[in-house]
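Below is one structure, written out as structure tokens, with a few remarks after it.
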Amino acid sequence: MREFIKELHNGIEINLAEIEKIREDIVSSGIPIGKSKGVRQEWERGTGAIGILDCIFLTLLMKKVKPKRIFEIGTWFGTSAGILSEALENNVKIYTCDTTNVYTNMEKYKNSVVFCNTHSSNVVTFLKENDFKVDFVFADGILSPSDAEWLVDSMGEDFIVSVHDYKLPVEKGVDNIELLKKHSKVPVVTFCPEKDIPGKGYDIGKGYNINSSVGLIMSEKVYEERIREAPSV
């Protein structure tokens, strides 16, 4: 699995400065919203948004797997939703949910991102009723067993799910991946840069190393057909 990150980066060009700007625009817009709503957050210690290395990893992943319909749990300011949308040139439909209403609602994502200010179980019910089959899931919140069961069943043998805060042994992403593995009915492959590429991670140039806290779980079918098919550079 250590070859995964090399294959992920094979033949894919990314603009690091652009990724940084996307994140900064969303975060700088979100912080005042959070403060105005009195959301409890230690702003001087961090924003709660995903970090730049996570943004890079997700950008590479999106450009590799090219999903069309995404479900995200845990919106916050909308940093990850914006990154996912931008990586796919906004040619995607993303349903994202959070019980905390500090989403920035940036105009340029109005056609690609649907923010739902509610619990994930309510959005899952809506997606099930509308037969919305997802291509990719990003879980930056705690999954329930019923959510996990629907996610895996909804995607069948083609499932690929990414979780945030995947740092052994106790981050919530670890629990989410274990829950998803428990509910999957096909063999799965797991991967996490934090776990599988220790130290500085994988150097992608210009001073950046991928050592993200984003983890992945996918079926063997996806890994073999969609990840390993990349041509060598």
Any hit, segment 197-218, residues being of a type in the set (A, V, I, L, M, F, W, C), farther than 14 Å from Leu58 by Cα, assigned to a helix (DSSP H, G or I) and modelled with pLDDT of 80 or more: no
Residue that is of a type in the set (Ser, Thr, Tyr) and modelled with pLDDT under 95, where the choices are Ser121, Ser85, Ser80, Ser112: Ser121
Where Val27 falls short, out of the listed (1) assigned to a helix (DSSP H, G or I); (2) under 24 Å from Glu13 (Cβ atoms): (2)
Neighbours by Cβ (under 7 Å, 6+ apart or cross-chain): first from segment 19-35, closer than 18 Å to Glu86 by Cα; second acidic (Asp, Glu): Ile22/Glu86
Hey, Glu86 in a helix (DSSP H, G or I), farther than 26 Å from Val152 by Cβ and among the acidic types (Asp, Glu) or not: yes
Scope segment 128-163; condition among the acidic types (Asp, Glu) and in contact with a helix residue (DSSP H, G or I) (Cβ under 9 Å, 6 or more places away or on another chain); matching residues: Asp135, Asp140, Asp147, Glu149, Asp153, Glu157, Asp158
Subset of segment 48-67 (residues that are out of contact with any Ser or Thr (no Cβ under 6 Å at 6 or more places or on another chain) and in a loop (DSSP other than H, G, I, E, B)): Gly48, Gly51, Lys66, Pro67
Checklist (1) more than 30 Å from Trp150 (Cα to Cα); (2) open to solvent by 40 Å² or more (accessible area, probe 1.4 Å) applied to Ile22, failing item: (2)
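Residues are listed down the side, and each one gets a yes or a no for (1) farther than 16 Å from Gly34 by Cα; (2) without any contact (Cβ under 8 Å) to a residue 40 or more places away in the chain:
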{"site": "Cys55", "(1), (2)": "yes, yes"}
{"site": "Thr59", "(1), (2)": "yes, no"}
{"site": "Lys68", "(1), (2)": "yes, no"}
{"site": "Leu88", "(1), (2)": "yes, yes"}
{"site": "Thr100", "(1), (2)": "no, no"}
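The values are calculated or read from the model by the stated rules, or taken from the named source; none is laboratory data. For clarity, every value in this text was computed on a predicted model and none was experimentally measured. Glycine gets a Cβ as well: all are built from the backbone with ideal geometry, and neighbour counts include every protein chain shown. These area figures cover heavy atoms from the full protein model, side chains too; ligands, DNA and RNA do not enter into them. Shrake-Rupley method; radii C 1.70, N 1.55, O 1.52, S 1.80 Å.
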